[in-house]
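The values are calculated or read from the model by the stated rules, or taken from the named source; none is laboratory data. Note that the structure is predicted; figures quoted are calculated from it, not measured. Cβ placement follows ideal geometry from the backbone for every residue including glycine, while neighbour counts extend to all protein chains displayed.
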Amino acid sequence: MKITSAKVIVTCPGRNFVTLKIMTDEGVYGLGDATLNGRELSVVSYLEDHVIPCLIGRDPHQIEDIWQFLYRGAYWRRGPVTMSAVAAVDMALWDIKGKVANLPVYQLMGGKCRTGVMVYGHANGTSIEDTIEVAQSYKAMGYKAIRLQCGVPGLASTYGVSKDKMFYEPADAALPSENVWSTEAYMRVVPKLFAAAREALGDEVHLLHDVHHRLTPIEAGRLGRDLEPYRPFW
C-alpha cells in the first residue's frame with residue numbers, strides 16, 4: 001500500500017475547521033484534524049507546501065517512521081503550526097490502519113481501559129452570580145466537573161466569558177479581540193468565585209478554571225495559594 005495523494009479541506013468560514021485526507025492506491029483513505037484555533041490557515045499552508053509532498057509514495061503503515069521524518073526532517077522543530085500538521089498526518093495514518101485491520105484504533109493501541117470519560121461543563125457569566133447559576137444547571141444535568149469563568153468587575157469584557165452562558169466558543173471570526181486587562185481585579189474576583197461555587201455546588205463536584213496564560217509565575221503561585229482551600233481540579 002502506498003500514499004497516492006492528500007488534500008486539505010477547510011470548512012466553516014470564519015472558524016476554519018481544517019481536515020487532512022490521505023488517499024492510498026488501494027482506495028483506503030484516512031482523516032486527521034489539523035485545526036489550530038486562530039492560526040488555522042497557517043497549518044493549511046504548512047501541510048500543502050511542506051508536508052504533503054513528503055508523503056507521496058510512502059507506506060501509510062509506517063506511522064512511527066513518517067512521524068519521526070516529519071518532526072526531525074525540519075530544521076525548525078515543534079511549535080503549534082508544525083505539531084498540528086504532524087498530528088493530522090498521524091491521525092489520518094492510524095485511521096487507515098484501523099480500516100485495513102477492520103478494527104477501531106483504540107483496539108490497535110491495547111484496547112479500552114475504562115468504561116467512560118469524565119467531561120466538564122463550561123459555566124460562565126458576566127458576574128459570579130450568573131456563573132453559579134449556570135454551574136448549578138450543569139450539576140443538575142449530571143456533570144461531575146465544571147469549569148468556572150466569570151467577568152471581572154470594572155472590565156468591559158473578559159476572554160473566556162461568552163455571551164451565550166451555556167455554550168462557550170473561544171474562536172474569533174477574524175482578527176483577535178482586544179481586551180483591557182487588570183491582573184489585580186482578576187486576582188480578587190476568582191477566589192470569590194470559587195468560594196461561592198464550593199458553597200453552592202458542594203464538595204463532590206470538581207471545580208476547574210482557565211487562567212489563559214495571563215499571570216506571571218509569582219502571580220500564578222499566589223492565585224493557587226488563594227484557591228487551595230476550594231480544592232481546584234485544575
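Listed values, structure above:
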quantity	calculated
Residue ID - nearest to Val190 (Cα to Cα), chosen from residues in segment 136-154 that are surrounded by fewer than 19 Cβ atoms within 10 Å (Cβ to Cβ) and of a type in the set (Gly, Ala, Ser)	Gly154
Candidates Leu55, Leu20, filtered to the one that is crowded, with 20+ Cβ neighbours inside 10 Å, modelled with pLDDT of 95 or more and more than 20 Å from the chain's Cα centre (by Cα)	Leu55
Count of residues meeting criterion [under 23 Å from the mean Cα position of the chain (by Cα) and surrounded by 13 or more Cβ atoms within 10 Å (Cβ to Cβ)] in segment 207-222	8
Which listed residue is on the phi < 0 side of the Ramachandran plot, of a type in the set (D, E, K, R) and exposed (fewer than 12 other Cβ atoms within 10 Å of the Cβ), from Asp95, Asp130, Asp65	Asp65
Matching residues in segment 204-234 - criterion: being in a loop (DSSP other than H, G, I, E, B) and either free of Cβ contacts under 8 Å to residues at least 12 places away in the same chain or aromatic (Phe, Trp, Tyr) (or both)	His213, Thr216, Phe233, Trp234
Verdict on Pro191 being surrounded by 16 or more Cβ atoms within 10 Å (Cβ to Cβ) and in the same structural domain as Gln149 (by TED's automatic domain parsing)	yes
Where Cys113 falls short, out of the listed (1) modelled with pLDDT of 95 or more; (2) surrounded by fewer than 18 Cβ atoms within 10 Å (Cβ to Cβ); (3) over 30 Å from Arg198 (Cα atoms); (4) not aliphatic (A, V, I, L, M)	(1)
Among the candidates Ala87, Ala92, Ala74, Ala123, residue that is outside any helix (DSSP H, G or I), in contact (Cβ under 8 Å) with a residue 24 or more places away in the chain and touching a strand residue (DSSP E or B) at 6+ places or on another chain (Cβ under 9 Å)	Ala123
Some residue of segment 35-43 being modelled with pLDDT of 95 or more and either part of a strand (DSSP E or B) or surrounded by fewer than 19 Cβ atoms within 10 Å (Cβ to Cβ) (or both)	no
Residue check for Ser42: among the polar types (S, T, N, Q) and outside the structural domain of Gly202 (by TED's automatic domain parsing)	yes
From the options His50, His61, residue that is over 10 Å from Ser84 (Cα atoms) and assigned to a loop (DSSP other than H, G, I, E, B)	His61
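Here's the yes/no breakdown for (1) outside any helix (DSSP H, G or I); (2) closer than 28 Å to His212 by Cα:
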residue: Val8; (1), (2): yes, no
residue: Cys54; (1), (2): no, no
residue: Met83; (1), (2): no, yes
residue: Gly98; (1), (2): no, no
